[in-house]
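The values are calculated or read from the model by the stated rules, or taken from the named source; none is laboratory data. Remember, predicted model here, so these are calculated numbers, not experimental data. Backbone-built Cβ (ideal geometry, glycine too); neighbour counts: all protein chains shown.
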Amino acid sequence: MQKSKKRAKALRAKNARKANRLLIAAASNNGTGNLQGSSEHGATGIFGKRMLMFLAIVLMSVTKIDDSPKGKLPKKKAKPKKKVARKKAATKQEDEEDDEPKPIRLTKKQKEAIKKETKAGRLALSLLPPPPFTNIIPAPKLSKLNAVNLCNYVNDKFSRIITIPEFATCVPTVASVVLIYEALFPLASKNRKDVTGPERILLNMYKKQLRQQFTILINNCGTLSLGNLPLFSLTGVATKGNPVKHDGQPDTPSFRLDYTKGRGKLGVVITKVPNVKKYIVWYGKGDFDRAIWLSIDGATRQTIINQVPGELINVIVIAQGTKLNSEPSNPQGGNVPFN
């Protein structure tokens, strides 16, 4: 590259020297040649002068020579590559110990309330004329339920079935199905990561048995109903083409407090209650008082905001049913986080 530049520079200097000599010659012809020569020689002198001027201009123009080597074009500057920012994989922040729902065991009081409601319904049916015969096909839809939801689904059906006299001869018996439920319940109550290999085998086995035996039990109840759909509806199990309306009182919900929402915020994580979509969260200081406490409502995850950091806030939750609300949950207290 340096040698080609030197050659080009030397060529420009040489052409410049030639152009200067031609200009000097043209000037000399203009000054002396025409004075001594004839008219013919004068014309020739003028032509020669113009020719020398033309050659000088040509030589001066060609002195502008490209410095780049012959046959090689200047390299194009490469466009800078665009830096593509790699998206960082979103990290899942799952707290399995806290977020996993737990099966709910009915209290003795709740079981008695279910039995009382079922007896009242059975008595009302006995005072009415027999309804038209209906082909009853139970549809409990247990195949998609995991161990927790399966336990929560069947736990109140046992109290209903044993209260109805027509279902006393069901096979399998309610007691035998309850034994499977009791074996599954403690395994379903564990966090998934805490379940050992042998326990997982038992959990899957009990879950399968409970689905099968409860399905056989409820199908037998449908047969013993003898086409009396209102009687079968007292079990709380839907039938194909005849969905069950859940107008009764929902179960009392359980919940936990979440302290990771930020400064002045307190999260409430509610364990889902069957057939309930909306929950009312009451919060305040001291004992529960509707006149002083505030409330919010929503799904199973709610956030209490605009609280003073460090203050102790008490919380209760109520499940909102179609016609009736559940009993208030036991209160829980927590200090509002600073950050």
- Of the residues that make up segment 207-217, is at least one more than 19 Å from Lys144 (Cα to Cα) and not hydroxyl-bearing (Ser, Thr, Tyr)? no
- Task: Return the total of residues in segment 193-212 being at pLDDT below 90 and either surrounded by 12 or more Cβ atoms within 10 Å (Cβ to Cβ) or not assigned by TED's automatic domain parsing to the domain that holds Tyr153 (or both).
- Result: 1
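Report yes if some residue within segment 228-240 is assigned to a loop (DSSP other than H, G, I, E, B), modelled with pLDDT under 90, within 23 Å of Lys141 (Cα to Cα) and outside the structural domain of Ile280 (by TED's automatic domain parsing); otherwise report no.
For segment 228-240, residues assigned to a loop (DSSP other than H, G, I, E, B), modelled with pLDDT under 90, within 23 Å of Lys141 (Cα to Cα) and outside the structural domain of Ile280 (by TED's automatic domain parsing): present.
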- Item | In segment 146-159, the residues that are closer than 22 Å to Thr173 by Cβ and outside any helix (DSSP H, G or I) | Asn155, Asp156
- Message: Can you tell me which of (1) closer than 15 Å to Tyr153 by Cα; (2) surrounded by fewer than 17 Cβ atoms within 10 Å (Cβ to Cβ); (3) touching a helix residue (DSSP H, G or I) at 6+ places or on another chain (Cβ under 8 Å) is the one Thr235 doesn't meet?
- Response: (2)
- Item | Hits in segment 148-182 - residues which are touching a Leu at 6+ places or on another chain (Cβ under 8 Å), over 20 Å from Ala238 (Cα atoms) and hydrophobic (A, V, I, L, M, F, W, C) | Ile180
- Which members of segment 252-277 meet the condition of being modelled with pLDDT of 90 or more and more than 22 Å from Asn306 (Cβ to Cβ)? Thr252, Pro253, Ser254, Thr271, Lys272, Val273, Val276, Lys277
